[in-house]
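The next block holds one structure in the form of structure tokens; read it before the comments.
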């Protein structure tokens, strides 16, 4: 299973810390400071998973926009918001835009790694009821036998 993760985080220290921690756990990491840079790079090649902050510098909802743009390109790309914003409004908005998970930046590294592993398993079709790579996993029935 490929382990290429894109991190989109405007704070250079936080971005470097997450990138280094994930690399130490065997991931190939591409890190981006903003939405435009990330979208340009991901237009050439999608990662296996995207970790996205919501507020990207002056673009206060840039992560939401990026999620919408990435979801339009791939229904199967796992997207996890990793952000300081913890209001119910932001969590619900992020999930409704198509994110697969929503974590706040106070999450521990073991917890983050567990959530990443879960998304990789879902994408690979390890769990029954979820699509195999290349299928739209959001349109599977709960029993995994077909489309809803």
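What ranking, highest mean first, results for peptides 22-35, 104-117 when packing means the other Cβ atoms within 10 Å averaged over each residue? List each step's numbers first, then the result.
On the way: 22-35: 16.7, 104-117: 13.6.
Descending packing order for the listed peptides: 22-35, 104-117.
Take the alpha carbon atoms of the stretch 4-139, find their radius of gyration, then divide it by 2.2 N^0.38 Å using N residues; give the quotient. Could the numbers behind the result be given before it?
Values: Rg = 13.8 Å, N = 136, 2.2 N^0.38 = 14.2 Å.
With N residues counted in the stretch 4-139, Rg over 2.2 N^0.38 Å equals 0.97.
If I model a spin label as a point 7 Å beyond the Cα along the Cα-Cβ vector, how far apart are those points for residue 16 and residue 121 in nm?
According to this spin-label approximation, the distance is 3.5 nm.
Only the coordinates and a few stated rules stand behind these numbers; no lab work does. Because the structure is predicted, anything quoted here is derived from the model rather than measured. So basically every Cβ, Gly included, is an ideal-geometry build from the backbone, and we count neighbours across all protein chains shown.
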